There are 4 protein chains.
Amino acid sequence: MSRTRSEQAVWRREQLLDAALRVFADKGVDGATVKDVAQAADVTPGLLYRYFASKEAMVETLLSERGFLPRLLEWRAQGHDTRPATEVLTELLEAFDRLLADNAELMALFFSAAQARAPLATMVNEGQRLIGDFLRDRVDAGDLRPHDTVMAAKTLFATVAINRRFGTPIDIAALVGLLYPEEG
Amino acid sequence: MSRTRSEQAVWRREQLLDAALRVFADKGVDGATVKDVAQAADVTPGLLYRYFASKEAMVETLLSERGFLPRLLEWRAQGHDTRPATEVLTELLEAFDRLLADNAELMALFFSAAQARAPLATMVNEGQRLIGDFLRDRVDAGDLRPHDTVMAAKTLFATVAINRRFGTPIDIAALVGLLYPEEG
Amino acid sequence: MSRTRSEQAVWRREQLLDAALRVFADKGVDGATVKDVAQAADVTPGLLYRYFASKEAMVETLLSERGFLPRLLEWRAQGHDTRPATEVLTELLEAFDRLLADNAELMALFFSAAQARAPLATMVNEGQRLIGDFLRDRVDAGDLRPHDTVMAAKTLFATVAINRRFGTPIDIAALVGLLYPEEG
Amino acid sequence: MSRTRSEQAVWRREQLLDAALRVFADKGVDGATVKDVAQAADVTPGLLYRYFASKEAMVETLLSERGFLPRLLEWRAQGHDTRPATEVLTELLEAFDRLLADNAELMALFFSAAQARAPLATMVNEGQRLIGDFLRDRVDAGDLRPHDTVMAAKTLFATVAINRRFGTPIDIAALVGLLYPEEG
DNA sequence: CATGAATGAGGCTTCATTCAT
DNA sequence: AATGAATGAAGCCTCATTCAT
């Protein structure tokens, strides 16, 4: 109602991105039309071009602004160091899984956008590194037995990601228990 | 050159599927044009329609005829039963990994075809079941310690698949070693 | 120039229908291309699809909106009852003939649209009934001798229509004189 | 079986024309494809081009070789002169009507082929002249009262033709009775 | 800021026609 | 004589994008 010009502009931009994410995730970037996005945002196609230079620019904006890695990093920043490694690890993976679930649309976009291969790979690498760093810290601290932490990180990340992606969610505690049977 | 009509028809069909797979994997199904496929096959677009009813039909044919699960099942059919479980498991996963590597294009197609979600889910489920069955057999035979074989199958499958998918191949023996440290 | 949006839309729609009727009548529905219609309307082909869902929809719209029966019925609605039957009949047929002449394009469309057989048959039936009703009224009123009014209506209608259709227009007064020699 | 080369060629040509007539009448010339015709003739498309230079040539051949006016003229050639005019006229019109019924496909072709306007007009004119000549002869012979025979011919022809065309066949005796009430 | 009419490029598909076999 | 694989030219339609209002 009483939004300043600039507030309104920001709000509209977000609204358009929301709509675009929804539509792109649903139909794929190529499968979705600008008109689809406009309708999802309850707006006319022409308006999109006041906020984004092109359809492609919308995709790029989504990929860069809506990436969820930042949120994972935030999580990491909080100290969880005093509790058992497997407990924290389970929580970390659950946070990651929840992130994926909450961002199913974004994931679909990542997987579908042919052009988006690079951002996706980055995300995978970063995610694996995040988990790997955590594991190595805990091995160093003696909380976990020495093991191939890089491989473990890849395994954990992949398992959570792929099962979330294809609609077969898993019991993360069981996953952690599988890799760290003695620790639990 | 000197092919019979019927041979030529079969050959041409395969050639077109090859070209289509290559192009779809490269640009995504929606991003690729029928003209692209035709050019990749060194043929005019019209000809595609003597062999396939539509672009969509090409995708479906690729998904059903070129699925690689059949090949995995073949592998499974051969007896590998006399050797240590972890050795055979490593081989199974390597076979799977090689299959993915050899079929990078097919994988890309699976991941990109927005409408092809169902075949992909099937493939994931079947693959996990294949590995899970193997693990359970070996647990029953006392070759592996009792453990959550379903989860293990999911883990192994996911790890191999996702890392192959995003260009970060892994050391499969290390993966097996991670899950079955005592057995090796 | 200074038309409101809504006026413009109505005007454009009519303009497109005008062009379509002209072109379809000239080349036949199947023989005419969407591009032909667009060029006749001095517009790009894409625009047609803002106003009509398909080429076929254009044909259907023409058939239903531009049918001329409504105009005949208007004529009939006016009272012509006080004058001699043959005089009024002649006028009615002349009105009909004029309608056909004025709508040569529409007639051509009616005759050519293979799929549009139903509207055409309807038009024929309605036209015959209109004339037949008139004749029976006048027979009942004693203005015309008793005779097979249904057959007479068919005869009159057919004669006017077919001769107008194939470019051999006739003297309608002579036609009426042929069927009602004593009355004139 | 034992056809000479030349017999076979003639036979095949007729077979193709039969098929073409059937298909063109059903779908319209533009709506029918060469493949449609070939399939109707149980033959491959390529073969058509050994017998006709083009699809258009098939249409033209049908229009010129399969016109039914020749058959009407044959009928006329036989003497029917000793019997009452209305009786013979009824028979003539019935023969004409039957011809139209028997050649529904040809009629459909005549009406649909946009290019076939000229042959159709010719047919109409010839038919009207044939009937008109008959009427004038009988008027001259005193069998019919003096009247506008040209107009009568047009009327009779049109009525039979249009009603046959649009699936509303009529009682021809009643038609004749309408125009020649006293004579019957 | 917002609309939606209009464009132009290009996509999928069909089809008359040719030609090697 | 007959086939059917292959072509090339369109045809219908969609859609990202622009722009006058």
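The values are calculated or read from the model by the stated rules, or taken from the named source; none is laboratory data. The structure presented is a predicted model; accordingly, all values stated were derived computationally and were not measured. Positions of Cβ are generated from backbone atoms using ideal geometry, with glycine treated the same way; all protein chains shown enter the neighbour counts. Quick note on the areas: whole protein, heavy atoms, side chains included, nothing else; ligands and nucleic acids left out. Shrake-Rupley method; radii C 1.70, N 1.55, O 1.52, S 1.80 Å.
How much area per residue is accessible in the protein assembly as shown when the probe is 1.4 Å and only protein heavy atoms are counted (Å²)?
Details: 34570 Å² over 736 residues.
Per residue, the protein assembly as shown has 47 Å² of solvent-accessible surface.
Can you give me the P(r) profile for segment C:5-65? Cα pairs, bins 10 angstrom wide beginning at 0, each as a whole percent.
Reading upward from the zero bin: 25, 62, 13, 1.
Under 13 Å from the Cβ of B:Arg66, count the other residues' Cβ atoms, weight Lys and Arg +1, Asp and Glu -1, and hand me the total. Each step should come with its number before you reach the end.
Values: positive: B:Arg13, B:Arg22, B:Arg71; negative: B:Glu14, B:Asp18, B:Glu60, B:Glu65, B:Asp102, B:Glu105.
Local charge sum for B:Arg66: -3.
Assign unit charges at the C-beta atoms only (+1 for Lys and Arg, -1 for Asp and Glu), then state the dipole size of the protein assembly as shown relative to its Cα centre in Debye, rounded to the nearest 20. Let's see the in-between values first.
Numbers: 88 positive and 108 negative charges, 254 e Å.
Rounded to the nearest 20 debye, it is 1220 debye.
Give me the net charge for the shell around A:Pro146: Cβ to Cβ below 12 angstrom, other residues only, Lys and Arg +1, Asp and Glu -1. Let's see the in-between values first.
Values: positive: A:Arg136, A:Arg138, A:Arg145; negative: A:Asp140, A:Asp143, A:Asp148.
Here the charged neighbours net out to 0.
For the pairing of chain B with chain A, what total accessible surface becomes buried, with a 1.4 angstrom probe, in square angstrom to the nearest 100?
Working: alone 9960 and 10020 Å², together 17270 Å².
Roughly 2700 Å².
Which value at 222 nm does the protein assembly as shown reach when only helices count, each DSSP H run of 4 or more adding -39,500 (n - 2.57), with the total divided by all residues and rounded to the nearest 500 deg cm²/dmol? Don't jump to the answer; show the numbers that get you there.
Working: 40 runs with 532 residues, N = 736.
Helix-only estimate at 222 nm: -23000 deg cm²/dmol.
At B:Asp171, with labels set 7 Å past Cα in the Cβ direction, how many nm apart are the copies from this one, shortest first?
3.2, 10.3, 11.0
Have a look at the protein assembly as shown and give its Rg and Dmax from the Cα atoms, expressed in angstrom.
Radius of gyration, then largest Cα-Cα span, for the protein assembly as shown: 40.1, 130 Å.
Checking a compactness column here: for segment C:69-179, what do you get for Rg(Cα) / (2.2 N^0.38 Å), N being the number of residues?
Working: Rg = 13.9 Å, N = 111, 2.2 N^0.38 = 13.2 Å.
Compared with the compact-globule rule of thumb, segment C:69-179 sits at 1.06.
Can you tell me which of C:Met151, C:Met107, C:Met58 moves the most in a GNM of chain C? Springs connect C-alpha atoms under 10 Å apart.
C:Met151
For chain A, modelled as a Gaussian network with Cα springs under 10 Å, which listed residue fluctuates most, A:Ala104, A:Ala174, A:Ala152?
Comparing A:Ala104, A:Ala174, A:Ala152 in a Gaussian network model of chain A, the most mobile one is A:Ala174.
If you take every residue apart from C:Met107 with its C-beta less than 9 Å away from the C-beta of C:Met107, what net charge results, scoring Lys and Arg +1 and Asp and Glu -1?
Working: positive: C:Arg164, C:Arg165; negative: C:Glu105.
Net charge around C:Met107: +1.
Whole-Hz Karplus ³J(HN,Hα) for segment B:142-157, in order, using 6.51 cos²θ - 1.76 cosθ + 1.60 and θ = phi - 60°, x for Gly and Pro?
Couplings: x, 7, 10, 5, x, 6, 6, 5, 5, 4, 4, 4, 4, 5, 4, 4 Hz.
Considering only protein heavy atoms and a probe of 1.4 Å, how much of the accessible area of segment B:1-105 is carbon and sulfur, as a whole percent? Working shown, then result.
Values: 2890 of 5800 Å².
Here carbon and sulfur together make up 50 percent of the probe-accessible area.
Which FRET efficiency, nearest 0.05, do A:Arg145 and B:Ala101 yield, Cβ-Cβ r, R0 30 Å?
Values: r = 32 Å, r/R0 = 1.06.
Here the calculated transfer efficiency is 0.40.
Which length gain, in nm to one decimal place, applies between A:Glu126 and A:Leu73 when the Cα-Cα distance is subtracted from 0.36 nm times their residue separation? List each step's numbers first, then the result.
On the way: separation 53, 0.36 × 53 = 19.08 nm, distance 0.96 nm.
Result: 18.1 nm gained on full extension.
Among B:Gly167, B:Phe134, B:Thr86, whose Cα lies farthest out toward the positive end of the dipole of chain B, if unit charges sit on the beta carbon of Lys, Arg (+1) and Asp, Glu (-1)?
Comparing the listed Cα positions along the dipole, B:Gly167 ranks first.
Between A:Ala174 and B:Val43, what is the label-to-label distance in nm when each label sits 7 Å out along the Cα-to-Cβ direction?
A separation of 4.7 nm, rounded to one decimal place.
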